[in-house]
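Shown next, in structure tokens, is the structure this report addresses.
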Amino acid sequence: MANSTLTAFVKEALEKGQDRAGIRAALTGAGWRAEEVDEALGAFADVSFPVAVPKPQVYLSAREAFFYLLFFILLGVVAYNLGALLFALIDTAFPDLIDDERYRQTWTDRQMRGAMAGLIVGTPIFLWLARILLKARASNPALQRSRIRKWLIYISLVIAGAVLVGDAISLVYSFLSGELTTRFALKSLVVAGIAGAIFGYFITHAERDEDHGI
């Protein structure tokens, strides 16, 4: 939240007809950080009107929190089980000959059944909820300002980014150690693909929100 003194100054300056570039230059010259100045200026719409017009602020709704928390939990369920299913298929195609064959087959079968069960239950609910949230935002743009949505988007970006970095480190380490196998490389690609898709999706939404000043 912008400093109240700074916001009041920006409001008064705008109402006296000062242009935004001049206000920004004056404030940064006085020692205010550019981020603080931009936040204060961003609190008011860039429209022609005798007084400063405030923009709608982000909000926190219990109902929105419920839907978005459920959405992101289901995203995790679907991503995890999709990865587990692909891992099991890779293990079947490229078995580790060191493991006991009967134990390996039993474990792979259980992993596949568990992953399929998770996908069968989680995917339809996830897609249904995603459709509801998409339609709600399309019909009511104010929902774009949901505080819980913004937080969960950036938390997801942090998690997906950390997974991508960790996956890359593991891949390079295995290569340098001479332990890079086809099975390990394929599993690394699966992790990178899932985490990369999630990261790309949410970074696009985050950038779109920034472009619209949300």
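Data table
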| quantity | calculated |
| --- | --- |
| Single match in Val158, Val172, Val190, Val165 (criterion: under 16 Å from Val77 (Cα atoms) and not acidic (Asp, Glu)) | Val190 |
| Members of the range 92-125 found to be in a helix (DSSP H, G or I) and at pLDDT below 80, listed by number | Glu101, Arg102, Tyr103, Arg104, Gln105 |
| Those residues of the range 126-157 which are out of contact with any helix residue (DSSP H, G or I) (no Cβ under 6 Å at 6 or more places or on another chain), surrounded by 12 or more Cβ atoms within 10 Å (Cβ to Cβ) and either modelled with pLDDT of 95 or more or of a type in the set (D, E, K, R) (or both), in sequence order | Leu127, Arg145, Arg147, Lys150 |
| Where a residue in the range 172-198 is assigned by TED's automatic domain parsing to the domain that holds Asn81 and assigned to a helix (DSSP H, G or I) and its partner, wherever it lies, is at pLDDT below 95 and polar (S, T, N, Q), with Cβ under 7 Å and at least six apart | Phe184/Ser174; Ser188/Ser170; Ile198/Ser156 |
| Pairs with Cβ under 7 Å, 6+ apart, first in the range 96-114 and under 18 Å from Lys187 (Cα atoms) and outside the structural domain of Val78 (by TED's automatic domain parsing), second at pLDDT below 80 and hydroxyl-bearing (Ser, Thr, Tyr) | none |
| Selection within the range 92-125 - closer than 21 Å to Val77 by Cβ and surrounded by 15 or more Cβ atoms within 10 Å (Cβ to Cβ) | Thr108, Gln111, Met112, Ala115, Gly118, Leu119, Gly122, Thr123 |
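The values are calculated or read from the model by the stated rules, or taken from the named source; none is laboratory data. The shown structure was predicted, so the numbers you read here are calculated from the model rather than taken from an experiment. Note: ideal-geometry Cβ built from the backbone for every residue, glycine included; neighbour counts use all protein chains shown.
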